[in-house]
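A.B. asks: Below is the structure I would like to discuss, written out as structure tokens.
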Amino acid sequence: MASALETKAKEAYFDDHFELALDLYSQAIGINPKKAELYADRAQANIKLNNLPDAVADANKAIELDPSMSKAYLRKATACMKLEEYQTAKAALETGAALAPEDSRFSKLIKECEERIAEENGELPKETLEEVPTNVVPAKDISSVQDIPDPMTVAAPPKSTYRHEFYQKPEEVVVTIFAKGIPRECVKVDYGEQILSVAVNAPGKDAYHLQPRLFGKIIPDKCRYDVLSTKIEIRLAKAEPIQWTSLEFSMEVAVPQRINVSSVAANQRPSYPSSKPKRVDWDKIEAQVKKEEKDEKLDGDAALNKFFRDIYQDADEDARRAMQKSFVESNGTVLSTNWKEVGVKKVEGSPPDGMELKKWEY
């Protein structure tokens, strides 16, 4: 049954019916999940459909089942090059070249990867890259018809068995898969420059696969994972300190914002006394205090006193003299701003209605 499905899948692939081929390969894998050839062939169909993370996952599975299959490394490298993960692609090509030294495609693609890596690192002018000899096979041509005789397959991602989420720090992203009681030997995690591949195959439970193309690039050698009693925790080392707006890459996502590592770290670490003087904008502080005083809402005597202070503060010199003279001479019962009137005579007290003015005797 599986061989019949495989034959039909190859025929569909040759007829450019890639979706049908993908479906037939998946059915064949369901019947014979240990055949590496099927995963390698399905990887090629995924490449044609531009399902690149799935293609990498299928190629990884084929390599796991048969580490000596050179074309599985070629499939992986093809998908990684399309994802612009040239370091991962180069590593796969070097392994494949060691297994099939007579296949010139490996050496040609290794050279192309080296040129792309140099360009990313600023070590090679872009003009030089445009003059690469025509005998170098572009990544997009790797999956040409000449590659078809050795089909490939990848297990279709089963429906999600476990829930996952992520959070991030300036230097890493932590992915948590909530899976209880999973033995460590049942968990396989692979990293690419911008790919995470997680497979959980626990006895008596449905297989689980998580294969996203990540939002940003990571450093595979610095990534690690832990299998705990209630979860699987994966720590992805960021290649650069940018803010990931999601776990998975999307063409529609806006340009990521670079995280200010120093400011974040300052919030996370305790501060210590420093002899370095801090610059204080006293004019700004004074203006802020005055604004707060002006906007302050008071009532009763406090409001009345503030009202008089504001008048005195905004008055000219004659008005201030009039206010001082009238207030003192009237024993606090009169407050005038008219200096022409107050300056020529003594200001008599004017007590409120129902009260009388008395002089203090010293």
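The values are calculated or read from the model by the stated rules, or taken from the named source; none is laboratory data. These figures come from a predicted structure and were not determined experimentally. All Cβ positions, glycine included, derive from the backbone under ideal geometry; neighbour counts span all protein chains shown. When the accessible area is computed, the model is the full protein with side chains, heavy atoms only, and any ligands, DNA or RNA have been set aside. Shrake-Rupley method; radii C 1.70, N 1.55, O 1.52, S 1.80 Å.
A.B. asks: Just need a number here: residues in segment 205-226 that are touching a residue at least 12 places away in the same chain (Cβ under 8 Å), in a strand (DSSP E or B) and under 24 Å from the mean Cα position of the chain (by Cα).
C.D. replies: Count: 6.
A.B. asks: Separate question: Any residue at all in segment 31-54 that's under 18 Å from SER197 (Cβ atoms) and among the basic types (Lys, Arg)?
C.D. replies: Yes, because at least one residue in segment 31-54 is under 18 Å from SER197 (Cβ atoms) and among the basic types (Lys, Arg).
A.B. asks: Now a separate question. Note down all Cβ pairs under 7 Å where the first residue falls in segment 101-122 and is among the aliphatic types (A, V, I, L, M), the second is surrounded by 13 or more Cβ atoms within 10 Å (Cβ to Cβ) and not in a helix (DSSP H, G or I), and they're at least six residues apart or on different chains.
C.D. replies: From segment 101-122, the pairs are LEU109/VAL137; LEU109/ILE142; ALA118/LEU124.
A.B. asks: Can you tell me which residue within segment 222-252, out of those that are of a type in the set (S, T, N, Q) and open to solvent by 80 Å² or more (accessible area, probe 1.4 Å), is farthest from LYS169 (Cα to Cα)?
C.D. replies: SER229
A.B. asks: Also, I was wondering about something else. Is it true that some residue in segment 233-252 is modelled with pLDDT under 85, hydrophobic (A, V, I, L, M, F, W, C), part of a loop (DSSP other than H, G, I, E, B) and not assigned by the TED database to the domain that holds LYS76?
C.D. replies: Yes: one or more hits.
A.B. asks: Evaluate segment 179-202: report whether one residue or more is part of a strand (DSSP E or B), acidic (Asp, Glu) and without any contact (Cβ under 8 Å) to a residue 40 or more places away in the chain.
C.D. replies: No: zero hits.
A.B. asks: Condition first: farther than 11 Å from LEU247 by Cα and surrounded by 11 or more Cβ atoms within 10 Å (Cβ to Cβ). Now tell me which residues in segment 163-179 satisfy that.
C.D. replies: Correct list: LYS169, PRO170, GLU171, GLU172, THR176, ILE177, PHE178, ALA179.
A.B. asks: Restricting to segment 339-353, what's the tally of residues that are part of a loop (DSSP other than H, G, I, E, B) and open to solvent by less than 70 Å² (accessible area, probe 1.4 Å)?
C.D. replies: Residues flagged as part of a loop (DSSP other than H, G, I, E, B) and open to solvent by less than 70 Å² (accessible area, probe 1.4 Å) within segment 339-353 amount to 5.
A.B. asks: How many residues does segment 288-319 contain that are open to solvent by less than 70 Å² (accessible area, probe 1.4 Å) and either touching a strand residue (DSSP E or B) at 6+ places or on another chain (Cβ under 7 Å) or modelled with pLDDT of 75 or more (or both)?
C.D. replies: Total meeting the criteria: 4.
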